[in-house]
1. For the condition touching a strand residue (DSSP E or B) at 6+ places or on another chain (Cβ under 9 Å), in a loop (DSSP other than H, G, I, E, B), charged (D, E, K, R) and over 14 Å from I101 (Cα atoms), what is the one hit in K73, K43?
2. Being outside any loop (DSSP other than H, G, I, E, B), modelled with pLDDT under 60 and on the phi < 0 side of the Ramachandran plot is true for just one of E114, E129. Which residue is that?
3. What are the residues in segment 40-63 that are surrounded by 15 or more Cβ atoms within 10 Å (Cβ to Cβ) and of a type in the set (A, V, I, L, M), if any?
4. Would you please name the residue that is nearest to the chain's Cα centre (by Cα), looking only at residues in segment 83-106 that are in contact (Cβ under 8 Å) with a residue 40 or more places away in the chain and exposed (fewer than 11 other Cβ atoms within 10 Å of the Cβ)?
5. Where the second residue is surrounded by fewer than 10 Cβ atoms within 10 Å (Cβ to Cβ) and the first is of a type outside the set (D, E, K, R) and lies in segment 20-44, which pairs have Cβ atoms under 6 Å and are six or more apart or on separate chains?
6. Among (1) within 30 Å of G63 (Cβ to Cβ); (2) at pLDDT below 55; (3) not basic (K, R), which single condition is E144 missing?
7. Please go through segment 1-39 and give me each residue that is surrounded by fewer than 10 Cβ atoms within 10 Å (Cβ to Cβ) and over 18 Å from S98 (Cα atoms), ordered by number.
8. Condition check: of a type in the set (S, T, N, Q), more than 19 Å from T110 (Cα to Cα) and part of a loop (DSSP other than H, G, I, E, B). Does N51 satisfy that?
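The values are calculated or read from the model by the stated rules, or taken from the named source; none is laboratory data. Every value quoted in this text rests on a predicted model; they were computed, and no experiment measured them. Every residue, glycine as well, gets a Cβ built from its backbone with ideal geometry; the counts of neighbours run over all protein chains shown.
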Amino acid sequence: MSGTLNKVMLIGHLGDEVKMHYFEGGGCIGRFPLATNETYVSKQTNERVTNTEWHNIVVRNKGAEICEKYLSKGDKVYIEGRLKTRKWTDDSGSERYSTEIQCTDFTFLTTKKESEAQQATSSQQATPESKAVDSKPVSNEPVEDDDLPF
């Protein structure tokens with residue numbers, strides 16, 4: 001194989017709001033952290049262990065503006081892109097490196113409002129007071145639907 005491939009696909013939750021940086025030429029970039037989780041059962045303790053990995057996501061121009069408008073902390077998103085390592089010098093003069101995901105495509109999987117609504121619905125279903133009692137008698141007779149077109 002003569003070619004190479006630099007491709008990353010992640011599904012995770014935003015760890016913070018999208019931070020925007022605008023340039024003089026009209027371009028912009030958005031940056032946000034993305035958390036992905038790995039869960040397994042420890043063989044020694046038989047307990048469930050969850051490891052969280054943090055990824056630095058960079059989105060450019062129109063994609064950045066869309067992410068800023070529709071994404072907020074906690075939202076679940078699919079990110080596709082490539083790895084890029086940057087070298088920079090910090091305030092003390094030390095050379096530092098950071099690895100980022102240069103996002104080329106994304107799909108919103110849930111929004112914060114949807115997540116909150118799902119949590120509220122599941123907590124209401126868990127409480128016995130909120131369950132509605134159906135007072136219709138149950139019949140074992142088959143239901144005949146003559147209105148069906150087939």
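1. On the way: K43 fails: touching a strand residue (DSSP E or B) at 6+ places or on another chain (Cβ under 9 Å).
Exactly one of K73, K43 is touching a strand residue (DSSP E or B) at 6+ places or on another chain (Cβ under 9 Å), in a loop (DSSP other than H, G, I, E, B), charged (D, E, K, R) and over 14 Å from I101 (Cα atoms), namely K73.
2. Numbers: E114 fails: modelled with pLDDT under 60.
Matching residue, one of E114, E129: E129.
3. Residues satisfying the conditions are I57, V58, V59.
4. Among residues in segment 83-106 that are in contact (Cβ under 8 Å) with a residue 40 or more places away in the chain and exposed (fewer than 11 other Cβ atoms within 10 Å of the Cβ), the one nearest to the chain's Cα centre (by Cα) is T99.
5. From segment 20-44, the pairs are N37/T50; T39/T50; V41/R48.
6. (1)
7. Initially, segment 1-39 is screened for residues surrounded by fewer than 10 Cβ atoms within 10 Å (Cβ to Cβ), giving 1-7, 23-26, 38-39.
Within segment 1-39, M1, S2, G3, T4, L5, F23, E24, G25, G26, E38, T39 meet the criteria.
8. Details: of a type in the set (S, T, N, Q): yes; more than 19 Å from T110 (Cα to Cα): yes; part of a loop (DSSP other than H, G, I, E, B): no.
For N51, the condition - of a type in the set (S, T, N, Q), more than 19 Å from T110 (Cα to Cα) and part of a loop (DSSP other than H, G, I, E, B) - is not met.
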